Amino acid sequence: MPTPDTITRGAGQARRSAARLILTVAKYAALTLAGIILFRAGAAYALTERGYSAVGGEAVALLLPVLWYLISQTVRDFTKDAKNGYLPDYKEENEP
């Protein structure tokens, strides 16, 4: 039977994970909005430079949330590996 202390700790963890989820959604919503704004600004500038409407490299700004996620995961994995001494994260079956 769980003690009241266990129930309280569990509830706090749920609150923290809900707050973390809200912050994560807000961060990626802001990145998406920034990508749209950058795309529109880049498209307007490209239109004045080219003289005709087309989509070029400014479309990469729409991928800002995806690029942010991929780069942050790569950096996180690299730092985790560096702290681990670049050793594998698994155990062989024949090792004790």
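The values are calculated or read from the model by the stated rules, or taken from the named source; none is laboratory data. Nothing here was measured: the structure is a model prediction, and the numbers come from that model. In this analysis, Cβ positions are derived from the backbone assuming ideal geometry, glycine residues included, and neighbour counts consider all displayed protein chains.
What the table shows:
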| item | result |
| --- | --- |
| Residues of the stretch 49-74 classified as hydrophobic (A, V, I, L, M, F, W, C) and under 11 Å from the mean Cα position of the chain (by Cα), total | 6 |
| Close pairs from the stretch 25-47: first within 14 Å of residue 60 (Cβ to Cβ), partner in a helix (DSSP H, G or I) and charged (D, E, K, R), Cβ under 7 Å, at least 6 apart | 39/58; 42/58; 43/58; 46/58 |
| Count of the stretch 52-96 residues which are under 29 Å from residue 24 (Cα atoms), surrounded by 10 or more Cβ atoms within 10 Å (Cβ to Cβ), modelled with pLDDT of 90 or more and not charged (D, E, K, R) | 19 |
| Total residues in the stretch 24-51, condition among the polar types (S, T, N, Q), closer than 15 Å to residue 68 by Cα and exposed (fewer than 12 other Cβ atoms within 10 Å of the Cβ) | 1 |
